[in-house]
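Accompanying notes for the structure given below.
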């Protein structure tokens, strides 16, 4: 199989790229080369996907069994891809998001037929618009789209609701004994998925022609409360978490840039039914429990000390929310 990844070296996609190569897929990675990730065995294509003339020149007359865009976030991104890859692939996989599912949910168990509606978070709303554009192209012109909706998937990032994304800020706060914020009372149910587990389901869909026209989520079956998630991270660091429980509505009122991702996603319990991915990819199973997965994340940070970045802007937001809550 010959595949093209647009991106392919991020928090989730690196594990997918590595597994694809390990399974003998001829993998081409189209990106700008700004990340330090190296995928042995993959063939780099240094280019900005938005530079259409360069993309067409570099790809020439190549045709792929599968094209995956890991960095498409708006309808204009997928409209561009439809035009570029219409005759270049027999499968195009769009990376959506499980946060596109109905918020607030009317049923706690989420399947791929759960309605898509998120009026709280622009990120999710834009992903829904992308799906609609792609499915219209599938219905009207046969564009071979498959949609994959990850939920909170981690590898080199901490899978948290508040405390920064892609930085070491939360771990630093825990190690220093500083308070951290947990939305609500911390007892709502959530699912976190290690990227290596996600990769097993994802690579199984690549080149799967019966998956064209379908949408899938790929998650762990392990259910955790948010208290358990933060306490597990703290234990892996060898400390106890000083948790401050604050209602999500209050957080949204004080810091809407944080609240959007709560009301539009993590404030609600999420129980994913993975029957569909297990049907299309027999044998798929998420084997990495969170207590072991977070140890892998911490080991990655220890191996890359330059990535232990403490974002003081994140600290200021957290301190501001806590101070406002204490005044109230």
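The values are calculated or read from the model by the stated rules, or taken from the named source; none is laboratory data. Note that the structure is a prediction, hence the values are computed from the model and not measured. Counting neighbours? That spans all protein chains shown, and the Cβs are built from the backbone with ideal geometry, glycine included.
Being assigned by TED's automatic domain parsing to the domain that holds residue 205, within 29 Å of residue 210 (Cβ to Cβ) and without any contact (Cβ under 8 Å) to a residue 40 or more places away in the chain: is that true of residue 45 here?
On the way: assigned by TED's automatic domain parsing to the domain that holds residue 205: yes; within 29 Å of residue 210 (Cβ to Cβ): yes; without any contact (Cβ under 8 Å) to a residue 40 or more places away in the chain: no.
Here the answer is no, as residue 45 does not meet what is asked.
For segment 213-225, indicate whether the set of residues that are over 21 Å from residue 273 (Cβ atoms) and modelled with pLDDT of 95 or more is non-empty. Steps first, please.
So in segment 213-225, the residues over 21 Å from residue 273 (Cβ atoms) come out as none.
No; the residues of segment 213-225 include none that is over 21 Å from residue 273 (Cβ atoms) and modelled with pLDDT of 95 or more.
Results for (1) at pLDDT below 95; (2) buried (at least 23 other Cβ atoms within 10 Å of the Cβ); (3) over 19 Å from residue 85 (Cβ atoms); (4) outside the structural domain of residue 72 (by TED's automatic domain parsing), shown as yes or no for each residue.
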| position | (1), (2), (3), (4) |
| --- | --- |
| 98 | no, yes, yes, no |
| 104 | yes, no, yes, no |
| 114 | no, no, yes, no |
| 122 | no, no, yes, no |
| 127 | no, yes, no, no |
| 130 | no, yes, no, no |
| 133 | no, no, no, no |
| 141 | no, no, no, no |
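Table: residues versus (1) touching a strand residue (DSSP E or B) at 6+ places or on another chain (Cβ under 7 Å); (2) exposed (fewer than 13 other Cβ atoms within 10 Å of the Cβ).
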residue: 235; (1), (2): no, no
residue: 260; (1), (2): no, no
residue: 264; (1), (2): no, no
residue: 281; (1), (2): no, no
residue: 297; (1), (2): yes, no
residue: 313; (1), (2): no, yes
residue: 316; (1), (2): no, yes
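Only one residue in 303, 253 is loosely packed, with under 15 Cβ neighbours inside 10 Å, closer than 28 Å to residue 184 by Cα and free of Cβ contacts under 8 Å to residues at least 12 places away in the same chain. Which one?
253
Yes or no, residue by residue, for (1) touching a helix residue (DSSP H, G or I) at 6+ places or on another chain (Cβ under 7 Å); (2) buried (at least 19 other Cβ atoms within 10 Å of the Cβ); (3) in the same structural domain as residue 167 (by TED's automatic domain parsing):
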residue: 7; (1), (2), (3): yes, yes, no
residue: 18; (1), (2), (3): no, yes, no
residue: 27; (1), (2), (3): yes, yes, no
residue: 31; (1), (2), (3): no, yes, no
residue: 41; (1), (2), (3): yes, no, no
residue: 50; (1), (2), (3): no, no, no
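When you scan segment 146-154, do you find a residue that is within 21 Å of residue 263 (Cβ to Cβ), over 14 Å from the mean Cα position of the chain (by Cα) and not in a loop (DSSP other than H, G, I, E, B), even just one? Lay out the reasoning, then the answer.
Residues of segment 146-154 that are within 21 Å of residue 263 (Cβ to Cβ), as a first pass: 149-153.
The next check asks that each one be over 14 Å from the mean Cα position of the chain (by Cα); those that pass are none.
Within segment 146-154, none of the residues are within 21 Å of residue 263 (Cβ to Cβ), over 14 Å from the mean Cα position of the chain (by Cα) and not in a loop (DSSP other than H, G, I, E, B).
Which pairs have Cβ atoms under 9 Å, sit 6 or more apart or on different chains, and link a residue in segment 76-90 that is more than 14 Å from residue 144 (Cα to Cα) to one that is assigned to a helix (DSSP H, G or I)?
77/130; 80/52
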